[in-house]
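Below is one structure, written out as structure tokens; the observations come after it.
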Amino acid sequence: MKNNFEFQNPTKLIFGKWTIAQLAQELPENEKILVTYGGGSVRQNGVYEQVCQALKGRNYVEFWGIEPNPTVETLRKAIALGKQEKVTYILAVGGGSVIDGTKLISSAIPYNGDAWELVLNSSKIGKMIPFASVLTIPATGSEMNSGAVISNAEKQEKFAFFSSYPKFSILDPTVTFSLPKFQIACGIADTFIHVLEQYLTVIEESPLMDRWAEGIMQTLIELAPKINADKTNYDVMSEFMLCATMALNGFTAMGVTQDWATHLIGHEITALHGTTHGQTLAIVILGTMKQLREQKKAKLLQFGERVFTIVEGTEEQRIDRTIEATEQFFRSIGLATKLKELNIGNETILKIKERFLFRGTRLGECGNVDGYITEEILKKCL
Ligand code: NZQ
Ligand code: ZN
């Protein structure tokens, strides 16, 4: 372990079949609770009934309609409701979008200014309303981290900010059985790429973190065809759900250099086109690997050898095959791997380049991914 680090993750994880009922014991007494929801999938799969049952006798109000890639415009309405109702606790029931949105609601209820100011500058976050979650889709890790990504529809922007961790999160894998195949594929890609963003940087910083990251990626590769065959297989979906949480709760990041360029470029594409997060990343990561293959060479070779068993050929051939294997994996779960498949072309690439140059953005483990390199990365995704 070459680098010093600090680690603290306070979220209590409650994992397994029929655990939503435990809300009754886990939620503190005498709170005024705001329950936040997405667009209504929970009404079709029994989650809503289970939550209502567990909240019997509690003092609570509901807010519906937090959309995928949650917007500050929608969240302002929830914040106003929370202020008006003087809520003291928030329960997010949904995916990363509902949980991320709830992190902003929790930060902005005690704040006097506009919520978007907190997204742009999280040092303005003071007191927060405590919150917990019932997760319905494995993907983001938001159920066990302090990050949140919020969109501004008016400005066509999407930024991450950091606030606080859920007090507890309930993960019942049976709730994932109702997920559409596309959302599952996006969740697999998002999880895989969270690990890659914390792995595909510098070699020999921590053999333990490397093995841990490779273990999550190998597990996802093993699970994917089984999920495709039967998305209601509890053993398979529960393992996938745990992979997603473990991929972005700090456990693979101890003392290692991180990248995150793919995510931040992906957020720009989503801000401009509304594309689904995991799908967007599955395209951009391939461009990042291609453009930065020299800088990431040693780790790309290790990734290819240990995750895809690519050991034959010259170093350059092995890297080519590793990138191809990664693309093949995304295609095998039904995702697009080229921007043109989403009808995105040069105009968007130039817009993102200009945005990054204007903001002075420098991403990646070496801080060298500026507007110009981003343009090269995205051209390789066309
Ligand atoms: O809104 P409803 O009707 O509930 O439907 C949702 C939504 O349409 C549906 N869904 C969720 N659970 C379901 C279900 N449908 C059937 N059965 C279920 N059990 O799935 C759709 C997508 O939900 P969403 O919450 O948007 O998905 P996800 O968890 O992938 O979240 C994506 C958001 O999280 C951000 C992304 O940028 C994006 O805005 N991220 C958050 C991160 C974090 N907080 O750490 C990190 C990630 O890298 C990511 O950026
Ligand atoms: Zn992600």
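The values are calculated or read from the model by the stated rules, or taken from the named source; none is laboratory data. Since we're looking at a predicted model, the values are computed, not measured. Neighbour counts run over all protein chains shown; Cβ positions are idealised from the backbone, glycine included.
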- Return yes when T326 is assigned by TED's automatic domain parsing to the domain that holds L357, buried (at least 20 other Cβ atoms within 10 Å of the Cβ) and within 26 Å of I184 (Cβ to Cβ) and no when it is not. yes
- Note on the structure: Here the residues within region 79-114 that are among the basic types (K, R) and closer than 23 Å to I20 by Cβ are K103
- Task: Return a yes/no flag: does region 278-286 have any residue that is surrounded by fewer than 22 Cβ atoms within 10 Å (Cβ to Cβ) and within 16 Å of ligand 2 (Cβ to nearest atom).
- Result: yes
- Of everything in region 1-27 that's among the aromatic types (F, W, Y) and either modelled with pLDDT under 95 or within 11 Å of M254 (Cα to Cα) (or both), which residue is surrounded by the fewest Cβ atoms within 10 Å (Cβ to Cβ)? F7
- Query: Looking only at region 117-136, which residues are crowded, with 23+ Cβ neighbours inside 10 Å and of a type in the set (V, I, T)?
  - Reply: V119, V134, T136
- Query: Within region 162-173, is there a residue that is in a loop (DSSP other than H, G, I, E, B), of a type outside the set (G, A, S), more than 13 Å from G94 (Cα to Cα) and away from ligand 1 (no atom under 12 Å from the Cβ)?
  - Reply: yes
- Task: Looking for whichever is assigned to a helix (DSSP H, G or I) and crowded, with 18+ Cβ neighbours inside 10 Å here; the options are L242, L208, L223. Which one fits?
- Result: L223
- Task: Kindly indicate whether T270 is touching a residue at least 12 places away in the same chain (Cβ under 8 Å), within 12 Å of ligand 1 (Cβ to nearest atom) and farther than 15 Å from K299 by Cβ.
- Result: yes
